[in-house]
Amino acid sequence: MRQLFYSFITAFFILITIAPAKAQPPILYQETHLVEPTERAPREHPVDMQRMKIEVSFDCPKGIVYGKVTHYFMPIRSHVDSIFFDGPGIKIKEAMLNGKPLRFTTNADGVTVFPETPLKWDTNDSISFVYEATPRKGIYFIGWNDPRNLSRKQIWTQGEGTDNRYWIPCYDDWDDKLITETIVKFDKDYKVLSNGTKLAEKDNGDGTKTWHYKMTHRHSAYLVMLGIGKYGIDERKTKGGVPVHDYYYPEHPEYAQPTYKYSTECIDFVAKWTGVPYPWESYSNIPVQDFIYGAMENTTATVYGDFFLNDVRGTLDRGYFGVDVHELTHQWFGDFITIRNGPQMWLHESHATFFPKMFTREVYGEDAYEWNRRGEHNAMIAANDADRYPIVHAKAGGSRIYPSGSTVIGMMLYTFGEEEMRHVYHYYLTHHAYSNVETNDLYQAFQDTLGLSPDWFFEEWLYRGGVPTYDVSYKAFPTETHITVSQTHHVDELTGYFKMPIVFEVHYTDGTSDSKREWIEKQTHLITIPNSGKTIAYVLFDPGDEVVKKVNFKKSFNELKAQALNAPKMLDRYDALVALKNDSSAWEQKREVLIQSFNRESYQATRAEIVSQLASDNTPQSRAIIRRAMKDTTLEVRMAAINAYRFIPVDLEPDVSGLLKDSSYNMIGIALDKLCESFPQFAARYLDETKNEDGMSHKVHIKWLEIKAAGGDMATTKQLVDYVSVSYEFIARQTAMDALSRLNYLDNDLIANLFDCLLSTNNRLAGSANTIMTKYYAETNFRAMMMAYYKSKSWEPWQKEIIEKIIK
């Protein structure tokens, strides 16, 4: 699914009444256990949609869809006298039932048809609509009104949540599946992509072609897609024989290889892990301009924002790797099996977040996997600090259905075993092939596959909120070590004591260790580990951070030093380094530990943490590490070095100047900005060195222009204004308007561009424009200019509604 945070429309049947305890943060919500079943039930529908044939053409400058859609269906009630089809704002010109005229009415939400004779069970019927739509959702016309003809010209769709209804009158919800067929008439110089197999591409002899696509298996209507533009296509095949079509812009064939480096391998990986072959006939990736999210997993074809389509240097700053695996995973979890209603969304998104984490381990190793998992843990803890909604809940939010749910799946592997979970998922997928699921179906797969009833696990991690807090301490005795663990989080009807297996490791000064895995489920546990009289160097509670939690475990400087230098897992070494940050009792010794660690560590997270701590130490030893960091082969370490300073120290100016030729575009922009601010007397030299750098979405060049404009160069100011125009994609427009806002510059051309941004169908662009226009409007001299422009134009009612939230 698209990568952003969701808010859903219904509440889930679960106990969330909370009584706040003393010394606890206030609970920000209150709901009851008793929720009407209809609020969580899938939407009702009287017929089973079996096929949908869509025939469309377009007036691109006007944003009009001319369409005909035919629905083939079977009544699933004994008596059907009316059928409602979603279609807000669509003009229905003709409706036919089985080829005969059909009475219909329309309202703000769609169209209702009334068969002359009620439809009966066990019949096959069809309804056709001839229609016209001018939607601002669902389908997007990009670049067709650029007066300078610089923008790309594209049409693309985004059906999820339930937005295909704005350009196709249809039953637009998750809980029905059908075969879809798409026929598109368009300019022959363009490429057209839709779901399934391309059956035909016919030249019409009038400058147009007709493309015909059809699915071979059923899927939900929100997964129907179109992608139209000018592209090259890189054709590949997976080891399993799946044809893969990776689209790129024809003027940049060099973008294909770095962007799609693992586009076939990740398909084979998910298929092997689940034991379920790729469930469709082919797979495509297609980039589009001004995409409103990150990417979207339409069946057989992922549409994604072209800000991920990058050259080798651009992928250092923003690669497609994780998004590619995420959306590909949805071909199984989301498209092959699809949820029935909103509270089950974690079944899509958590799995599509889990598999990139697993593929990261496959490609980049255990340290990268651990760091990915740590990020998910932090997100889950932060979400539960804000509120304690469960993961399976209509109000769960993006932090839960993406990283939190992925964390829970990871804990399933840790608790029940990875091979066991592969069997569970193989059964879960194959048993519900091309159909709809709920969380209970995954629970049942445990029972049917492994004979387990993990009700306690589902209860504490999916159906309840909160995360555990553990207080840990230990005492060493001549022959054994006693470790005490207490659960100290607030316990109530929503969050209980957690039951989880936890590993305890005792590491000794002679380099040996003892380990024990214990089930922790009561408020307090005492764990005993024989130590043979050895001297303890440090103790680990849950090494590698397998279980999401908060931990209070005080350790001495010597324990942290030993852990930082010797712990087997990267995360445990990293955590010791972070803990040392707050220990100022022995800086000389700490510096030594940090430098030793930097020389030993290979993973970027630990090296970056060390750099951030040493940056404030002006000794020659620490400066030597900082200089090495600025030449490190890993971008994250170089970033840590430069971002440790608000103003660059004079002795580091030559080192930072070297970063103006960095392989990363983002690094060049940051270095240029910091150097010009720290050493304005050398700004002309820095600008000359970077005058030919552009960067992805023109970000480096826009920063270059901003610095020049701040010095009074009006020509560069006008160039920034131009970057805010409709001729450029939305990230460049955002970046330029932010630069102009910092310069506090406004003229009539910029006002016109800002109004266009405010009315964009891209919410991120519109949101940025809203923020900046509100700031300008608060200044008296700018307010008059903006009001004059507003009054000089004619506006549609929907435009007035948006604008008048600012121009009052």
Before we move on, is T105 without any contact (Cβ under 8 Å) to a residue 12 or more places away in the chain, open to solvent by less than 90 Å² (accessible area, probe 1.4 Å) and part of a strand (DSSP E or B)?
yes
The one condition T690 fails out of (1) among the polar types (S, T, N, Q); (2) under 23 Å from L150 (Cβ atoms); (3) open to solvent by less than 30 Å² (accessible area, probe 1.4 Å) is (2)
Filter result for S792 (out of contact with any helix residue (DSSP H, G or I) (no Cβ under 9 Å at 6 or more places or on another chain), more than 20 Å from R136 (Cβ to Cβ), open to solvent by 10 Å² or more (accessible area, probe 1.4 Å) and modelled with pLDDT of 95 or more)
yes
For a quick check of your reading of the model, give me the residue pairs whose first member lies in region 250-268 and is among the hydroxyl-bearing types (S, T, Y), whose second is in a loop (DSSP other than H, G, I, E, B) and open to solvent by 70 Å² or more (accessible area, probe 1.4 Å), with beta-carbon atoms closer than 8 Å and at least 6 apart or on different chains.
T264/K239
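Checking the structure you have, find out if any residue of region 694-713 is touching a helix residue (DSSP H, G or I) at 6+ places or on another chain (Cβ under 9 Å), on the phi > 0 side of the Ramachandran plot and open to solvent by 40 Å² or more (accessible area, probe 1.4 Å).
Restricting attention to region 694-713, the residues satisfying the condition of being touching a helix residue (DSSP H, G or I) at 6+ places or on another chain (Cβ under 9 Å) are 694-711, 713.
Narrowing further to those that are on the phi > 0 side of the Ramachandran plot: 695, 697-698.
If we keep only those that are open to solvent by 40 Å² or more (accessible area, probe 1.4 Å) too, we end up with 698.
Yes, some residue in region 694-713 is touching a helix residue (DSSP H, G or I) at 6+ places or on another chain (Cβ under 9 Å), on the phi > 0 side of the Ramachandran plot and open to solvent by 40 Å² or more (accessible area, probe 1.4 Å).
Report whether or not E729 is modelled with pLDDT of 95 or more, among the charged types (D, E, K, R) and more than 25 Å from the chain's Cα centre (by Cα). Give the derivation first.
Numbers: modelled with pLDDT of 95 or more: yes; among the charged types (D, E, K, R): yes; more than 25 Å from the chain's Cα centre (by Cα): no.
Against the criterion (modelled with pLDDT of 95 or more, among the charged types (D, E, K, R) and more than 25 Å from the chain's Cα centre (by Cα)), E729 does not qualify.
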Consider T761 carefully, then state whether it is touching a residue at least 24 places away in the same chain (Cβ under 8 Å), within 25 Å of E706 (Cβ to Cβ) and of a type outside the set (F, W, Y).
no
For E362, all conditions in the list (1) touching an Asp or Glu at 6+ places or on another chain (Cβ under 9 Å); (2) more than 30 Å from D662 (Cβ to Cβ); (3) open to solvent by 10 Å² or more (accessible area, probe 1.4 Å) hold save one; what is the number of the exception?
(2)
With respect to the numbered conditions (1) closer than 24 Å to D713 by Cα; (2) open to solvent by 20 Å² or more (accessible area, probe 1.4 Å); (3) of a type in the set (A, V, I, L, M, F, W, C), which one is the sole condition not fulfilled by L660?
(2)
I want to confirm something. Restricting to region 434-454 and keeping residues that are among the polar types (S, T, N, Q) and either open to solvent by 40 Å² or more (accessible area, probe 1.4 Å) or in a helix (DSSP H, G or I) (or both), which single residue is nearest to H330 (Cα to Cα)?
T439
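So, P61, is that one open to solvent by less than 30 Å² (accessible area, probe 1.4 Å) and either at pLDDT below 95 or not in a strand (DSSP E or B) (or both) or not? Reasoning before the result, please.
Details: open to solvent by less than 30 Å² (accessible area, probe 1.4 Å): no; either at pLDDT below 95 or not in a strand (DSSP E or B) (or both): yes.
So P61 does not fit the description; no.
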Keeping to region 596-655, report how many residues are out of contact with any helix residue (DSSP H, G or I) (no Cβ under 8 Å at 6 or more places or on another chain) and closer than 21 Å to L571 by Cβ.
1
Scan region 221-255 for residues that are surrounded by 19 or more Cβ atoms within 10 Å (Cβ to Cβ) and of a type in the set (A, V, I, L, M, F, W, C) and jot them down.
A221, L223, V224, M225, L226, I228, V242, V244
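The values are calculated or read from the model by the stated rules, or taken from the named source; none is laboratory data. Not measured: the values here are computed from a predicted model. Reconstructed Cβ throughout: ideal geometry from the backbone, glycine too, with neighbour counts over all protein chains shown. Heavy atoms of the whole protein, side chains included, go into the accessibility calculation; ligands, DNA and RNA do not. Shrake-Rupley method; radii C 1.70, N 1.55, O 1.52, S 1.80 Å.
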